[in-house]
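Each remark here refers to the structure printed beneath this line.
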Amino acid sequence: MNYKGWNEFEIGSLLFPFEKEGEKNVEKHAEERDYSSDNSYTASTAHWRVEKPVYNPEGCIHCYFCWLYCPDSSILVRSEKMTGVDYVHCKGCGVCVSVCPTNPKSLLMFNDHESEEAALASWPKKEEKK
């Protein structure tokens with residue numbers, strides 16, 4: 001898929017998401033939808049990201065707080081379980097991390113250039129309650 005950057009759109013552009021059959025497309029997962037050429041899904045908002053949320057499935061309770069509060073619909077959920085982060089659309093705001101209730105959090109912010117493997121290797125341990 002060829003993604004347009006936000007600055008490649010005409011000022012004041014109206015982006016229609018689908019070429020046709022909008023209601024049928026909404027029932028599909030985002031990557032299976034028939035998007036129009038200029039829409040908010042194929043436009044990447046990740047260019048200005050400095051930090052990214054990294055997902056650690058080990059402590060996740062699948063509460064969907066991250067999915068609910070993400071302003072960019074960048075939290076990936078499949079078969080009723082959180083599966084990761086869509087880094088093409090995530091702009092690194094950290095809202096998902098701030099609403100995560102687990103101990104330690106299942107999402108933490110890391111430098112955008114750090115690999116997920118390195119981030120997971122440095123994940124904090126569970127804090128014991130005093």
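A simple charge model with +1 on the Cβ of Lys and Arg, -1 on the Cβ of Asp and Glu and nothing else charged puts the dipole of the range 72-130 at about 360 debye relative to its Cα centre.
Quick check for me: using +1 on Lys/Arg Cβ and -1 on Asp/Glu Cβ, what's the dipole size of the range 27-130 about its Cα centre, in debye to the nearest 20? Working shown, then result.
Values: 12 positive and 16 negative charges, 103 e Å.
Computed about the Cα centre, the dipole is about 500 debye.
With a cut-off of 8 Å between alpha carbons and a minimum separation of six or more residues, what is the relative contact order of the range 54-127 in percent?
Details: 93 pairs, mean separation 26.3, N = 74.
Here the relative contact order equals 36 percent.
Of the solvent-accessible surface of the range 60-130, computed with a 1.4 Å probe and all protein chains present, 56% belongs to carbon and sulfur. With the cut-off at under 20 Å, measuring from each backbone N in the range 100-115 to a point 7 Å along the Cα-to-Cβ line of Glu128 picks out 103-105.
Using C-alpha pairs below 8 Å separated by at least 6 residues, the relative contact order for the range 43-86 is 33 percent. When the pairs Lys52/Lys105; Lys81/Lys129; Lys52/Lys125; Lys24/Lys105; Lys91/Lys126; Lys28/Lys105 are compared against a 24 Å limit on Cα-Cα distance, Lys81/Lys129; Lys24/Lys105; Lys91/Lys126; Lys28/Lys105 fall above it.
The values are calculated or read from the model by the stated rules, or taken from the named source; none is laboratory data. The structure presented is a predicted model; accordingly, all values stated were derived computationally and were not measured. Ideal geometry is used to build each Cβ from the backbone, glycine not excepted, and the neighbour counts take in all protein chains shown. All accessible areas refer to the heavy atoms of the entire protein, side chains included, with ligands and DNA or RNA removed. Shrake-Rupley method; radii C 1.70, N 1.55, O 1.52, S 1.80 Å.
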